[in-house]
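**Student:** Structure below; questions to follow.
The values are calculated or read from the model by the stated rules, or taken from the named source; none is laboratory data. Computed from a prediction, not measured in an experiment: that's the story for all the values here. Reconstructed Cβ throughout: ideal geometry from the backbone, glycine too, with neighbour counts over all protein chains shown.
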Amino acid sequence: MGENSPIPNINGYRKDLAEALIKIKVPNLRWPGGCFADEYHWKDGIGPRSERPKMINTNWGGVVEDNSFGTNEFLNFCELIGTEPYISGNVGSGTVEEMSKWVEYMTFDGESPMANLRRQNGREKPWSVHFFGVGNENWGCGGNMRVEHYADLYRNFATYCRDYGNNHLQKVAGGASSDDYNWTEMMMKNVGAGGMWGLSLHNYTLPFGWDNPKGKGSATKFGEDEYFTQMKKTLYMDELITKHTAIMDKYDPKKRVSFCVDEWGAWYDVEPGTNPGFLYQQNTLRDAILCAATINIFHKHSDRVRLANIAQMVNVLQSIILTKDDKILLTPTYHIYDMYKVHQDAANLPVEILCPNYTFGTESVPALSVSASKDKQGAIHVSIVNMDPKNDIETSCNLIGSLGKTVTGQILTANDVAAFNTFEKPNNVVLAVFNGAKLEKGVLKLKVPAKSVITVEIK
């Protein structure tokens, strides 16, 4: 917002937004990509803001980007909200030297041109930067490259992304789009475990296809046919991860390379009257269910999936926060992150589930999706999604080895899967207390309401 904004801020960062992000304990924050990353030249975004060159954001809206939010602003914001920065470096239109100097600017504590430039710009000590993406969507907007060409470029660029002092870069190679399994095969074959910390995947969930004449689908106006399609496509993430990681296992049986799903989420038509390039869309209970089920899939594959980033954070696609002037609202998806933060830094507990299907027409998907974990204090958390929009489901869980005595819970649901929050009514879809679970001789019994996400804590 800038330090002179009438909206309450902390050194120019919007105070209410920062507080909302602190509350959900954001693990990492990726910037400046998507597609913008491979047109971004970091030196345009440092120094006095009044002297920073302006550019055209050719990917998103064709508007002027004044570069007032650059490296210092981003990394200081990460420190403010207590999250790990994840930098997306420019391979598509950048140079090896440019990327190398950016790493030096951010992380070197000694005497050098870039470290001194950082000091000149008001930051004495380097930042801690571990996650570093070497390019973004290089099969598409990041350069339209063949995988063989990108693999060689990655090796070249990554060589000059140095570790300075105690700062160790965890380099993430640009990975596949959805089901491009050949991309993963070639990256593992030509780069492999010795050359990258992680390999990415991008996959979005659309009711209709990218080029469908009807558009991608409305964020708020949809029938059960579109709802079912979104649920089915949500569960497709499990197949994608299973097949990509099977390829990774062939070249890396010790699972040294992380699988990083660093762009995922729902993608709909923009809200009527908004700039199509800004990708502004509303967020409903449907998207909260989609989010929770996807995170459950990530939890299932946590032996490989060690980093994931929903796209995006504020006012774009499946945002967790929407703002309008001095108003802010927390979307249903935000409340999933608030509910699921109990799983952070916990031990993943294996879960086997038998459940009825959610059937629409001639097609069916499993109605329930589950995650479970045990935190450092010994509390067990079980998160359950009921995708069925009409039917409550009674279920039970045998807590093998648990001595739990009490159970409490939270629930996110609403009267309609299309329910959403507005600036006038920001509490239409919010977390509530869930009292529908009980313990009987080591067995958790509960009724999971239709179209809901619940998390119970067992102590």
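**Student:** Do you know which residues across segment 259-275 are touching a residue at least 24 places away in the same chain (Cβ under 8 Å) and more than 15 Å from LEU240 (Cα to Cα)?
**Tutor:** Hits for segment 259-275 are ALA266, TRP267, TYR268, ASP269, GLU271, ASN275.
**Student:** Here is a follow-up. Please verify whether GLU98 is at positive phi and touching a residue at least 24 places away in the same chain (Cβ under 8 Å), treating the condition exactly as stated.
**Tutor:** For GLU98, the condition - at positive phi and touching a residue at least 24 places away in the same chain (Cβ under 8 Å) - is not met.
**Student:** Output the number of residues of segment 390-429 satisfying the condition of being closer than 22 Å to GLU271 by Cβ and either among the hydrophobic types (A, V, I, L, M, F, W, C) or in a strand (DSSP E or B) (or both).
**Tutor:** Of the residues in segment 390-429, 7 are closer than 22 Å to GLU271 by Cβ and either among the hydrophobic types (A, V, I, L, M, F, W, C) or in a strand (DSSP E or B) (or both).
**Student:** Which numbered condition trips up LYS425, out of (1) within 19 Å of VAL453 (Cβ to Cβ); (2) free of Cβ contacts under 8 Å to residues at least 24 places away in the same chain?
**Tutor:** So the condition that LYS425 fails would be (1).
**Student:** Still on this structure: Name the strands (runs of 3 or more DSSP E) wholly inside segment 293-343 in which the number of residues that are surrounded by fewer than 19 Cβ atoms within 10 Å (Cβ to Cβ) and among the polar types (S, T, N, Q) is 1 or more.
**Tutor:** Per the criteria, 321-324.
**Student:** Report yes if some residue within segment 1-18 is at pLDDT below 95 and under 21 Å from ASN144 (Cα atoms); otherwise report no.
**Tutor:** No, segment 1-18 has no match at all.
**Student:** Follow-up question, since we're still on this one. Out of all the residues in segment 395-405, is one or more modelled with pLDDT of 90 or more and hydrophobic (A, V, I, L, M, F, W, C)?
**Tutor:** no
**Student:** Please go through segment 222-238 and pick out each residue that is under 20 Å from ASP269 (Cβ atoms) and assigned to a helix (DSSP H, G or I).
**Tutor:** GLU224, ASP225, GLU226, TYR227, PHE228, THR229, GLN230, MET231, LYS232, LYS233, THR234
**Student:** Next question. Any residue at all in segment 238-249 that's crowded, with 19+ Cβ neighbours inside 10 Å and not aliphatic (A, V, I, L, M)?
**Tutor:** Scanning segment 238-249, I find at least one residue that is crowded, with 19+ Cβ neighbours inside 10 Å and not aliphatic (A, V, I, L, M), so the answer is yes.
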